[in-house]
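Here is the structure we will look at.
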Amino acid sequence: MDSLSLPRLMVSAPHKSSGKTTVMLGLAGYLTRQGERVTCFKKGPDYIDPMWHALASGRESYNLDPWLMGQDGCRDSFIRNGRNGTLALIEGNHGLHDGLSLDGSDSSAGVAALLEAPVLLVIDARKMNRGAAAIVMGMQAMQPQVTIAGVILNRVRSQRHGEKQKLAIETFCRVPVLGSIPEDSQLAIAERHLGLTTVGETAEAASFIDEAVEQVAHYCDMQEIRALFALAPPVRSYPDEHVSMRSEARVRIGVFRDAAFCFYYPDNFRALEENGAELVYIDSMHDRSIPDVQGLYLGGGFPESFFSELGSNRELMLEVSRRVESDMPLYAECGGLIWLSRSGTYGGKTFSLAGILPFDIGFEPRPAGHGYLNLRSCTQSPWFEHGAEVRAHEFHYSAPLTGAGGCEWQFDVIRGRGVTGQHDGIIYRNLFASYAHLHAQGNPQWAKRFTDLAAEWKARNPIGN
């Protein structure tokens, strides 16, 4: 058994909206500029924070979600992806101890305990003084116990305010306060109906990260924070156990990847490549034709923000329809399902879409589906076996207004909303479309089934497109 050093640190907070994402971006950007190869991770199923991480670090960011991926899947992804960097920086989600399970194993603290990662706790310092120590003490005592190695006070009103909290925390909790950042209304990422705005939608995103780096570097003890990474013990790993083994490409899979379709887990791409796929990217708004591919992958995103541009590209929609009728495999999640539908009504306007699925999509003022999904396969298909149980995540304000009847469904919904509240995963020929976001670590057969379907289509169409 080998030991990997993998210096690592989790940035977390007692509750959400404490400013941990801004601190995370400031740290990632600062350390990268100091010559470190920082690999970022995000606890939970979120797509948007990892985009910001990638902009700050210049490297891909990966998800760690015990509920979706299992603990072994989280550990495997962390080692596999982290070993190529010099530092691993993990951003928690919600509060440090928030999670579905009572024992906290699926919380940020659970992930920190699993990976033996020290925690840098970001506290919203407003509306309290010495009581900040009680919060830190509670975070230390709550199970699963983790090493809170340092604290950053955020949104501090004044120097005196920060000094009171620092003295209390260091006296009662024996944890160093390594930063005291004043309130700054400009240093906040705007939010939208699916959470934070994406990097591509945010003007001056690079300038925001520059400002976060400057603030963190100025108000925090970066030398002491850098030393926290070394508190993590070596990770035990069998030789080559977590090394990516990419197969020689046997098929090409076209991936819609642009401002409208940007929600993809990097581990899903890796899993496809390890099963013999070469990924070819398609711009859904500007590419008028499909390249030489044997399968299509339409991820999630914000198609509703681009309905006019998407609907204008009729050539691409017609060509995708032809490929579906030829039994080319197509896998679509959430935004992809919307694009495949007959129409979408958003902002008081209705737009014609691909018309491959018999849905007319509308948008609700509150989330139609938000959270983890438990699904059970109610039919046998090339994608999933009958009876298979699948864990996934959904976050969508959209739902079919009409057209949900008479479909062939892959899943009964045990927990969550899916497409109808009872069903998710429409099957048509070799097309599969759902509101569920799956992670390859928790669904190890997904990539192989996808590439096998593409290889079968290729064998039936030897001349190509």
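The values are calculated or read from the model by the stated rules, or taken from the named source; none is laboratory data. None of these values were measured; they are calculated from a predicted model. Here the Cβ positions follow ideal geometry from the backbone for every residue, glycine too, while neighbour counts run over all protein chains shown. For accessibility, only protein heavy atoms count, side chains too; no ligands or nucleic acids. Shrake-Rupley method; radii C 1.70, N 1.55, O 1.52, S 1.80 Å.
Worth pointing out:
- Modelled FRET efficiency - R0 25 Å, ARG415 with GLU60, Cβ distances, 0.05 increments: 0.25
- Among beta bridges that DSSP assigns inside region 251-460, antiparallel share in %, nearest 5: 60
- Chain lengthening between ASP103 and LYS349 when straightened (0.36 nm per residue, less Cα-Cα): 83.9 nm
- Bridge type composition, region 2-237 - antiparallel percent by DSSP, nearest 5: 20
- The chain: angle of helix 314-325 to the longest principal axis, Cα-based, in degrees nearest 10: 70
- On Cα atoms only, tilt of 159-172 relative to the major axis of the chain in degrees: 90
- Spin-label model distance (nm) - GLN143 vs GLN380, 7 Å beyond Cα toward Cβ: 4.5
- Percent antiparallel among DSSP beta bridges (both partners in the chain, rounded to 5): 45
- Lys/Arg +1, Asp/Glu -1 at C-beta; the chain dipole; positive extreme among TYR435, SER158, GLN380: SER158
- Label-point separation, ARG236 to LYS448 (7 Å along Cα→Cβ), nm: 2.8
- Helix 66-82 axis versus longest C-alpha principal axis of the chain: approximately 70°, rounded to the nearest ten.
- All lysines inside 29 Å of LYS448 as judged from Cα atoms, apart from same-chain residues fewer than 8 positions distant: LYS42, LYS43, LYS458
- Candidate cross-link partners of LYS349 among the aspartates and glutamates, defined by an alpha-carbon separation under 16 Å and a same-chain spacing of 8 or more, comprise GLU304, GLU309, ASP360, GLU364.
- Estimated inter-spin distance, GLU224 and ASP283, nm [label 7 Å along Cα→Cβ]: 4.9
- Under 5 Å between amide hydrogens, built in the peptide plane, is the criterion, and for GLU278 it picks out ARG250, VAL251, ARG252, ILE253 among residues at least 5 positions away or on other chains.
- Accessible surface computed residue by residue for the chain, with neighbouring protein chains in place and a 1.4 Å probe, gives 41 Å² per residue.
- Residue (of TYR397, SER180, HIS97) at the positive-pole extreme of the chain, dipole from beta-carbon charges: SER180
- Only Cα pairs under 8 Å and 6+ residues apart enter the sum, and on that basis the relative contact order of region 2-237 stands at 28 percent.
- Sulfur and carbon atoms: percent of accessible area, the chain [1.4 Å]: 48
- Straight-line reach from LYS127: taking Cα to Cα under 21 Å and skipping same-chain neighbours fewer than 8 places apart, the lysines in range are LYS16, LYS20, LYS164, LYS166.
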